[in-house]
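Inspection log for the structure reproduced underneath, given as structure tokens.
Derivation of every value follows stated rules applied to the coordinates shown; laboratory data play no part. Owing to the predicted nature of the structure, the values given are computational and were not obtained by experimental measurement. All Cβ positions, even for glycine, are placed from backbone atoms using ideal geometry, and neighbour counts span all protein chains on display.
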């Protein structure tokens, strides 16, 4: 019994594509890839890079994050590439979910349209106020424990001294670290804020270097439909924090769960 062999068809029977057909095939492939990428960036994950020091020490300038967009549902603000500005898109959110207090969330500033990242402090119906550097939520003093103090060089060039505290929100076991330069800054004593329905109150972890819901120039109360997603993971960062004295700054950081 002879073995079966495969041979190429005669040259004249091969299908030959014209230049136009090849170009169309390439366009079709990249258009399909673009649709898949757009769907991924819209409905699953978003990639963001930290531009400021307002969330130190949790996040450093230059950190690259992956943000879970399905955590809070979808609105026009979930769209990438400024597509939220399309005139036929309406306000509102589908599959809407409230964030949890303590979440690090990405949102669109309702006043300026700029995408920002802060920590969720106040939920609908909560009261929030600062008094001499201490945070009160629903008139309960939020405990903090001093864990360190040092100097660090800001990316703008100046050197500041900070106290680092472990802060623990009510009804939560896990703490997060905040910075305070002093307890007498402009936003360290505020009015009492009452968070409206369908809104969230945000603050930065670097309390004296954050333009957040406390500030008149900040985003104020942020509507739920302006939430883009929950920052779950700091993927990587090649940026080093700016150090003075004994602050340790690792040369490379990756895969940090938030």
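The figures follow:
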item: Computed lengthening from residue 64 to residue 31, 0.36 nm per intervening residue step minus Cα-Cα distance; result: 9.2 nm
item: The stretch 125-255 pair-distance distribution - Cα-Cα, 10 Å bins, rounded %; result: 11, 35, 37, 16, 1
item: Whole-angstrom gap from the stretch 167-232 to the stretch 146-165, using each part's C-alpha centre; result: 20
item: Equivalent-ellipsoid semi-axes of the stretch 20-257, from the Cα gyration tensor, Å, largest first; result: 34, 23, 14
item: Added length on full extension, which subtracts the Cα-Cα distance from 0.36 nm per residue, residue 23 to residue 217; result: 64.7 nm
item: Using alpha carbons only: equivalent-ellipsoid semi-axes of the stretch 49-180, gyration tensor based, whole Å; result: 30, 21, 13
item: Label-to-label distance, nm, for residues given as residue 257 and residue 182 (7 Å Cα→Cβ offset); result: 3.9
item: Computed over the stretch 20-257: relative contact order in percent, which uses C-alpha pairs under 8 Å that are six or more apart; result: 24
